[in-house]
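The values are calculated or read from the model by the stated rules, or taken from the named source; none is laboratory data. From a predicted model like this one, the values you see are computed outputs, not experimental measurements. When we count neighbours, we look across all protein chains shown, and the Cβ atoms used for this are built from the backbone with ideal geometry, even at glycine. The area values use the complete protein model at the heavy-atom level, side chains included, leaving out ligands, DNA and RNA. Shrake-Rupley method; radii C 1.70, N 1.55, O 1.52, S 1.80 Å.
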Amino acid sequence: MKVAIMGFGTIGSGVYKVLTTNEDVIAKRVGEKLEVAYVLDRRQFPGEPWEQLVVDDYNIIANDPSVDIVVETMGGVEPAYTFVKAMLEHGKHVTTSNKALVADKGADLIKTARDNNVNFLFEASVGGGIPIIRPILECLTGDVIEEISGIVNGTTNYIMTKMTEDGSEFEDVLKEAQELGYAEKDPTADIEGHDAQRKIAILTSLICGQQVEYTDIPTEGISNISSNDIKYAKAIGRNIKLLATSTATGDTYVARVAPYLLAPEHPLFAVNDVFNAIFVHGNMLGDGMFYGSGAGSLPTASAVVGDIVEMARHKDENIFLEWKPEKKVLADASVVESAFFARTKSSKSDVEGAFGKVEFVEGIVDGEVGFVTDVMTEADYESKAAALDIVKMIRVR
Ligand code: HSE
């Protein structure tokens, strides 16, 4: 079977490496050899083994009937969407690692694949190399998933881990992460939570079978977490982690991306460095955790190749996947109950006047106190906190 790779950057070149390094074992698992027939890229790659495979027009791939499977590792919504749609309409299976494309056009491309009796798979779009999408769709298909919460961004988890270990400031760790190649030159999508927002939108769409718009998910990043916040976290025995979380409420879900203070008992407390983990609570399963390498060339390519093999095994068959285009309206996140940690310049008596009995944390920063509230709704917290001079609020789990 012939495979084309569109976009030969970090992930696309990783897919080539996985397919060539593990060629024999993959051939055994598919039942025939997989051959990379095309690489779509604007660059030429002179002297590289794949030099002769390079084309710069996606129509060459779309119009070649010998190509069965196409990999999309270009990133971004356009032109990836146009190219992927054309491949599906030409009867080719497509797998992608592109979370922006899946979050925005997932329902559309799944329908296009079904209409053309091919498949559109996207295991690598969430959690990199961690199997999470097929486990949800297949192994856990007998469950109602009541919660899915994860550390789904390696860059921010690395930064939070280093800030916790070294007591350093956000800007310094970000710079170091960029020098090590862990963070992008433009890190906005990671540090402001936009990458995690798309990933939790995809996971929520899959567990409810409808389109969840990522823009409906309230999102905060980690760029305003400081070394003082980390000191407070340590004083109350917690770690700060960027979580992407979605919980069933009534017949819908409530979702959020934000930094959370996690207790040591929380399953995501000890997920460190660039690792990702996704916690799932099913009404029959109870708790489950998926942990591993959530980013990087070969881990992500490993998941893409898993999709290639799956599609090669279902060459003449559409694997049913429920993701209807009708929008799922999410619940208002202000109804969610949690405890809240806050730093304030107001007095302890003013804090108690507003919140009643709280747990105070003192002596971390001159001229302020920290406190942890009882469990209440976010709307309740906001109305009580309005009477105080709040420096920072972080949700507690
Ligand atoms: N920038 C992403 C991360 C890559 O840091 O997790 C994987 O989607």
Keeping all protein chains in place and using 1.4 angstrom, which order do S66, S349 fall into by accessible surface area, from largest down? S349, S66
Given backbone amide H placed at 1.01 Å from N, residues whose amide H is under 5 Å from that of M376, ignoring those fewer than 5 places away on the same chain, are S338, A339
Treating the Cα atoms of the chain as identical point scatterers in vacuum, please give the log10 of the normalised Debye intensity I(q)/I(0) at q = 0.14 Å⁻¹, two decimals. -1.18
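Note down the relative contact order for the chain as a percent, whole number, built from C-alpha pairs under 8 angstrom at least six residues apart. Please list the in-between numbers first.
Working: 842 pairs, mean separation 72.3, N = 397.
Computed value for the chain: 18 percent relative contact order.
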Extension reserve of the Q44-V309 stretch, reckoned as 0.36 nm per residue once the Cα distance is removed: 92.6 nm
Across bins of 10 angstrom width beginning at 0, how are the C-alpha pair distances of the stretch 15-88 distributed, in whole percent? 17, 46, 33, 4
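Using the Cα centre of the chain as the reference point, and only Cβ charges (+1 on K/R, -1 on D/E), how large is the resulting charge dipole? Debye, rounded to the nearest 20.
Value, rounded to 20: 380 debye.
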How big is the shadow of the Cα convex hull of the stretch 271-328, averaged over all directions, in nm²? 6.7
Euclidean distance of C-alpha centroids, the stretch 303-332 and the stretch 173-193, integer Å: 30
Modelled FRET efficiency - R0 30 Å, T82 with C139, Cβ distances, 0.05 increments: 0.35
For the stretch 288-397, what relative contact order do you get, as a whole percent, if you take Cα pairs closer than 8 Å and at least 6 residues apart? 31
Of L40, V212, A183, whose Cα points farthest to the positive end of the dipole of the chain (charges on the beta-carbon: +1 Lys, Arg; -1 Asp, Glu; origin at the Cα centre)? L40
Counting other Cβ atoms within 10 Å, which chymotrypsin sites (Phe, Trp or Tyr not before Pro) in the stretch 263-369 have at most 11 and lie in a DSSP loop? F320
Give me the angle, in degrees from 0 to 90, between the Cα long axis of helix 10-21 and the longest principal axis of the Cα atoms of the chain, rounded to the nearest 10. 50
Net charge near G221, counting Lys/Arg +1 and Asp/Glu -1 over other residues with Cβ under 15 Å of its Cβ? -2
Residue (of I390, V280, I364) at the positive-pole extreme of the stretch 268-397, dipole from beta-carbon charges: V280
How many nm is it between the label spots at K231 and A386, if each spot is 7 Å from the Cα in line with the beta carbon? 3.2
Can you list the HN-Hα couplings for the stretch 66-72, worked out from phi with the Karplus curve (6.51, -1.76, 1.60; θ = phi - 60°), rounded to whole Hz and with x for Gly and Pro? 7, 7, 9, 10, 10, 9, 10
